[in-house]
Amino acid sequence: MFAEEIISNDIPTLNINDSVQKALDRLNDFKLKHLPVVHDGVLVGLVSEDDLLNIHDHDTSLNDASVHLLSIFVLNDTHTYDVIRLLSQLHISAVPVVDQQKNYLGLISIHEMVDAVAGQYAVNEPGGIIVLEIGNRDNSLAHIAQIVEADNAQILSSYVNSFADSTRLEITLKINKTELTSLVAAFERYDYQVKEVYNNTQVDDGSQERFDSFMNYLNV
């Protein structure tokens, strides 16, 4: 998935002639900390609420030298992983999307990014979650998929997490069914370490409650 697939045009841009107060009002309206400033269809920069609040005269226009504009954007063909990395590393609530000529195409807010990730990882699809811990030399996704399919199930999404100073890997699988007892047993027969199970109807260890809380957080 690329940036151009998840941009939103629902949030209007700011113009260089807009006042600081107008920018602050719009930031408040859309519950964001950053908004793009555009002139003649071209991105000028990104304004930050924190920077604007430090300006005493809120009638100041955004093209004034006292207004700091951040030069932050992504190209339309940027992968969503890089968009997430930018949002996280720079602690920004939105990032503008432009083409090669820096023409403004739209905005990706943190809200759109959460929705996109939820869709990409099948968060809203019914099913269960199994977390495996394996050695990095035993990482065979094809074999894992065969075990799942042999249990008449499908992997809706998966991701791998590595640990610093460790040869172990954690693989999280979203499965298209909630009854996971037989699948867990199959993994254990092949000597996979089943670290966690969510939505397993045969186990009541608090996992369901944690899973529901996580789902509710993503849907905020």
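The values are calculated or read from the model by the stated rules, or taken from the named source; none is laboratory data. All of these numbers come straight from a predicted model, not from anything done at the bench. Positions of Cβ are backbone-derived with ideal geometry, glycine not excepted, and every protein chain shown enters the neighbour counts. Accessible surface is based on the protein model in full, side chains and every heavy atom, while ligands, DNA and RNA are left aside. Shrake-Rupley method; radii C 1.70, N 1.55, O 1.52, S 1.80 Å.
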Members of segment 31-52 that are of a type in the set (A, V, I, L, M, F, W, C) and closer than 10 Å to T13 by Cβ | L35, V37, V38, L43, V44
What number of residues in segment 119-130 are outside any loop (DSSP other than H, G, I, E, B) and open to solvent by 10 Å² or more (accessible area, probe 1.4 Å)?
-> 3
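Condition check ((1) outside any strand (DSSP E or B); (2) touching a residue at least 24 places away in the same chain (Cβ under 8 Å); (3) of a type in the set (D, E, K, R)) across all residues:
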{"position": "V44", "(1), (2), (3)": "no, yes, no"}
{"position": "D64", "(1), (2), (3)": "yes, no, yes"}
{"position": "I108", "(1), (2), (3)": "no, yes, no"}
{"position": "M113", "(1), (2), (3)": "yes, yes, no"}
Go through segment 141-151 and give me each residue that's open to solvent by less than 70 Å² (accessible area, probe 1.4 Å) and closer than 13 Å to F187 by Cα.
-> H143, I144, A145, I147, V148, D151
Residues that are modelled with pLDDT of 90 or more, open to solvent by 70 Å² or more (accessible area, probe 1.4 Å) and under 14 Å from G135 (Cα atoms): which strands (runs of 3 or more DSSP E) entirely in segment 152-206 hold 1 or more of them?
-> 193-198
Does D59 meet the test of being open to solvent by 70 Å² or more (accessible area, probe 1.4 Å), over 30 Å from L169 (Cβ atoms) and assigned to a helix (DSSP H, G or I)?
-> no
For N152, indicate whether it is out of contact with any Phe, Trp or Tyr (no Cβ under 9 Å at 6 or more places or on another chain), at positive phi, among the polar types (S, T, N, Q) and without any contact (Cβ under 8 Å) to a residue 60 or more places away in the chain.
-> yes
Scanning segment 6-30 for residues that are loosely packed, with under 14 Cβ neighbours inside 10 Å and touching a residue at least 12 places away in the same chain (Cβ under 8 Å), which turns out farthest from G106 (Cα to Cα)?
-> N17
Which of the residues belonging to segment 166-186 are under 29 Å from the mean Cα position of the chain (by Cα) and either over 13 Å from I147 (Cα atoms) or among the hydroxyl-bearing types (S, T, Y) (or both)?
-> S166, T167, R168, L169, E170, I171, T172, K174, N176, K177, T178, E179
